[in-house]
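Here's the structure, in structure tokens; my notes come after.
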Amino acid sequence: MKLLRTNRNYRLLFSASSISNLGDGIAALAFPWLATLLSRDPFAIAMVAMAMRMPWFLFSLPIGVLTDRLDRRLLMVQADIFRTLLTLGIITLIFSVGPLPAENRDHLIWILAGAAFLMGSAEVFRDNAAQTMLPSVVSKDDLEAANGQMWSAEQIMGSFVGPPLAGVLIALWVPLPFSVNALTFALSAWALWCIRMTKTAPSTRRHFLTELSEGMRWMWQHKIILRFALMLGILNALTTMTMTVFVLFSQEILGLNAAAHGMLMTAGALGGVAGGILCPKIISRLGPQRSVLAALALFPIPALVIFFTSNVWIVAIALFAEMFAAILWNIVTVSYRQRFIPDALLGRVNSVYRFFGWGMMPVGAFAAGVIVDVAQPGLGRELSLRLLWGIAAAGNTLLFLYGTFRLKF
């Protein structure tokens with residue numbers, strides 16, 4: 001907590017991240033739940049999830065160049081203002097549509113998907129700038145502690161507080177979670193605006209592709225970071241694949257309503273909070289390499305457990321373990337990148353990293369819709385939904401085997 005007491009800029013960045021992640025946590029439940037009110041088609045719901053993640057594939061690389069060229073703080077402020085206005089637009093849409101018969105709602109899912117795409121585009125700007133900005137706010141020796149605190153806050157606000165709050169707000173009134181969402185993005189923008197940093201001289205601008213190729217070339221020359229990126233891509237694709245239909249799994253197999261579904265998602269948040277507190281100590285004792293392998297060894301277990309169970313409490317424990325492993329992986333790999341990538345290249349290399357690591361998420365969302373759609377006639381609804389967790393368990397097992405032999409650092 002010393003960083004929060006003594007470093008004003010970090011305190012404001014931490015506050016903005018916490019508030020913004022509360023909005024993200026509310027949206028994480030509100031968007032898919034709103035989608036299920038418009039359609040029960042797994043493919044249509046998957047398209048909403050895919051639309052929100054597609055910008056990571058489309059825009060990560062060019063945004064990396066802009067992050068190194070422009071004021072990173074202002075990029076984050078502008079992204080949060082845009083998300084505020086977009087969320088107000090969604091509220092307007094809900095009011096303007098009103099109650100419609102089920103057969104007249106199908107086209108609205110695509111409007112929601114368009115809004116999700118724009119929201120995801122703003123998120124790409126904000127998140128790449130935020131992760132790139134942190135090393136300018138804290139010293140390199142404090143990166144693990146700062147990342148641990150940021151990840152803990154993200155999980156508390158984004159997964160522990162946000163989803164159950166969204167569930168309660170939806171139960172009260174469907175537009176209410178989006179109203180709170182808009183407020184959180186506005187407050188985040190204000191906190192970021194209050195950060196005061198020494199302005200550095202702008203770098204000499206060259207051709208856009210020349211600057212982009214520098215980041216790609218640096219990544220190619222540093223194989224460990226490249227392997228982290230490729231492995232993260234597979235991890236995120238598998239996780240997105242399961243989480244895309246998790247709202248249907250929760251409703252149809254576990255029998256949960258919006259509030260109960262939100263409470264279930266807090267189990268993952270508890271794992272994230274525990275990870276944020278304990279993982280820096282684990283990394284200090286085991287070392288980065290063994291900590292990453294421990295995370296990879298843990299990833300297949302929650303997916304396999306959920307594949308077999310219909311017990312809400314067991315699913316909650318599995319979500320806890322999955323998020324704990326994710327935080328352990330994230331603290332090691334993010335801190336490693338922030339420590340070794342030169343600041344002048346950090347935005348571009350991070351964008352290349354996220355192109356591989358996050359650009360695979362829309363692939364996972366699309367795969368979820370296709371797999372359930374294709375498997376359902378032969379396997380039935382329940383088994384076709386469960387199948388995704390079986391695939392995730394197998395894929396994560398292969399990643400652990402790969403990491404055992406190829407991650408030496």
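So what's the gap between the Cα centers of segment 366-383 and segment 282-310, to the nearest angstrom?
Cα centroid of segment 366-383 versus Cα centroid of segment 282-310: 27 Å apart.
Quick check for you: which residues of segment 55-88 have the amide N under 18 Å from the point 7 Å beyond the Cα of GLN221 toward its beta carbon?
none
If you look for lysine pairs in the chain that are eight or more places apart or on different chains, how many of them have Cα atoms under 19 Å apart?
Counting lysine pairs in the chain gives 4.
To the nearest 500 deg cm²/dmol, what mean residue ellipticity at 222 nm is calculated for the chain from DSSP H runs of n ≥ 4 alone, each contributing -39,500 (n - 2.57), summed and divided by the residues?
-28000 deg cm²/dmol
About its Cα centre, what dipole magnitude does segment 1-130 give when the only charges are +1 on Lys and Arg Cβ and -1 on Asp and Glu Cβ, stated in debye to the nearest 20?
Values: 12 positive and 9 negative charges, 142 e Å.
Roughly 680 debye for segment 1-130.
If you take the square roots of the eigenvalues of the alpha-carbon gyration tensor of segment 1-155 and sort them as a ≥ b ≥ c, do you get rounded (a/c under 1.5), prolate (a/b over b/c) or oblate?
In terms of gyration-tensor shape, prolate.
Sort 269-280, 305-316, 35-46 for me by packing, meaning the mean count of neighbouring Cβ atoms within 10 Å per residue, highest on top.
In decreasing order of mean packing, 269-280, 305-316, 35-46 become 269-280, 35-46, 305-316.
Given (1) 208; (2) 119; (3) 131 as candidate values of volume of the Cα convex hull per residue in Å³, which corresponds to the one derived from the coordinates?
Correct label is (3).
Among 350-357, 328-335, 108-115, what's the highest-first ranking by average C-beta atoms within 10 angstrom per residue?
350-357, 328-335, 108-115
Can you work out ³J(HN,Hα) from phi for every residue in segment 9-17, in order, using Karplus 6.51 cos²θ - 1.76 cosθ + 1.60 and θ = phi - 60°, giving whole Hz and x for Gly and Pro?
So the Karplus estimates, Gly and Pro as x, are 4, 5, 4, 5, 5, 4, 5, 4, 5 Hz.
Per residue of segment 217-233, in order, report the coupling 6.51 cos²θ - 1.76 cosθ + 1.60 (Karplus, θ = phi - 60°) as ³J(HN,Hα) in whole Hz, putting x for Gly and Pro.
5, 4, 4, 5, 7, 10, 5, 5, 5, 4, 5, 4, 5, 5, 5, 4, x
Which of SER136, LEU192, GLY359 sits closest to the plus end of the dipole of the chain, meaning its Cα is farthest towards the positive end, when Lys and Arg get +1 and Asp and Glu get -1 on the C-beta?
SER136
Under the 0.36 nm per residue contour assumption, what length would be gained going from the current alpha-carbon distance of THR6 and ILE111 to full extension?
Gain in length upon complete extension: 33.2 nm.
Can you pull the one-decimal nm distance between simple spin-label points at PHE409 and ILE94, each 7 Å off the Cα toward Cβ?
With each label point 7 Å from Cα toward Cβ, the separation is 4.1 nm.
Give me the percent relative contact order of segment 1-139, please, defined on Cα pairs under 8 angstrom at least 6 residues apart.
This gives 40 percent for segment 1-139.
Please get the size of the charge dipole for segment 164-293, origin at its Cα centre, with Cβ charges of +1 on Lys and Arg and -1 on Asp and Glu, quoted in debye to the nearest 20.
In total the dipole reaches around 720 debye.
Among THR240, ILE314, LEU296, which residue has its Cα furthest toward the positive end of the charge dipole of segment 229-355, with +1 on Lys/Arg Cβ and -1 on Asp/Glu Cβ?
LEU296
Using Cα pairs closer than 8 Å and at least 6 residues apart in sequence, work out the relative contact order for the chain, in percent.
Relative contact order for the chain comes out at 30 percent.
Expected output is a single nm value to one decimal: the length gained when fully extending between THR210 and ARG40, i.e. 0.36 nm times separation in residues minus the C-alpha distance. What is it?
Roughly 56.6 nm would be gained on extension.
For the chain, what is the charge dipole size about the Cα centre, in debye to the nearest 20, if Lys and Arg each add +1 at the Cβ and Asp and Glu each add -1 at the Cβ?
About 1440 debye.
Sort ILE225, ILE94 from largest to smallest accessible area, using a 1.4 Å probe on the heavy atoms of the protein chains. Each step should come with its number before you reach the end.
Numbers: ILE225 5, ILE94 40 Å².
Descending accessible area places them as ILE94, ILE225.
Once both labels are modelled 7 Å past Cα along the beta-carbon direction, what's the LEU383-LYS140 spacing in nm?
5.6 nm
Once the piece of chain linking VAL370 and ARG69 is laid out straight, how much longer is it, given 0.36 nm per residue of separation minus the C-alpha distance between them?
104.4 nm
The values are calculated or read from the model by the stated rules, or taken from the named source; none is laboratory data. The structure presented is a predicted model; accordingly, all values stated were derived computationally and were not measured. Using ideal geometry, Cβ is built from the backbone for each residue, glycine included, and neighbour counts are taken over all protein chains shown. Calculation scope for accessible area: heavy atoms of the full protein, side chains included, ligands and nucleic acids excluded. Shrake-Rupley method; radii C 1.70, N 1.55, O 1.52, S 1.80 Å.
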